[in-house]
Each structure stands twice: as C-alpha cells, then as structure tokens.
Amino acid sequence: MTAPITAYIDFASPYSYFLLEPLKAEADRHGRRLVLRPILLWAVLKEHGLTNPLETPLRRAYFMQDVVRSAAFFGKTFHPPEPLQFSAHLAAQLPPRPGDLRGGLCQPPGDHRARGARRPARPVGR
C-alpha cells in the first residue's frame, strides 16, 4: 500500500486553502490518499521564538500583497476578513471524521503528555 500524503494546514491561513485542491489532485494522480492534519501555526511560531507576521506592520503589509498574488496564482479571489486575525482553536478541535470522538485533529500522535502539551478539551457528547 502506498503511503498517504500528509499535509499540515492552519484553518486561519489562506495559503492552506489555496493548496488544498492542487494537493488533492496530486494525491489522486499518484494514487495516494491525502491526509489533512490541522495545526495552529501561531503555536508553531511561538515554540520557535518567532512572532506572528501579522503583528509587525512591514510583514503584515507584505502578507496582504502576497496573499492576493498567491490567490490569483491559484485562480482564487481573496477578500481579507475583518478582523484579519481570528482564532482557529475550535475548528482545530473537530474530530477527524463525523462520529469520531477520539479527540481533536491537533492532538499529537502518541502520548501528548510526553511532550508536556496540555490535554485537549473533551469533544461534545462525551
């Protein structure tokens, strides 16, 4: 069996959405399954001691230009939401499949306590 292609996406990032269709097409072309693993990019940046690009005026201005340019490249239209920054925490806690109450998609594989991570909130209905 061919290994799946795993893509780490951030619900709050337009770049993630721009790449979903091309990634799916590439996976299909090679007969592989596409597995989406949501992440919170701000948490990754924070772990590496980096600041959110949208919090720096020059980087925010570049982002606004680049995201419009990237959207056009992928044949999409980008309209920035108001406010531009919003939380993707709740979306990241969705179960992987309907009816799957094992935990949120952002839950690290294996024992999350080994990494010192806080246990995700229990899904609704448990």
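The values are calculated or read from the model by the stated rules, or taken from the named source; none is laboratory data. Note that the structure is a prediction, hence the values are computed from the model and not measured. Every residue, glycine as well, gets a Cβ built from its backbone with ideal geometry; the counts of neighbours run over all protein chains shown.
Residue check: Phe73 meets all listed conditions (1) surrounded by fewer than 10 Cβ atoms within 10 Å (Cβ to Cβ); (2) at pLDDT below 55 but one, namely (2).
Checked against the criterion of being part of a helix (DSSP H, G or I), among the polar types (S, T, N, Q) and surrounded by 14 or more Cβ atoms within 10 Å (Cβ to Cβ), the range 57-69 contains not a single residue that satisfies it.
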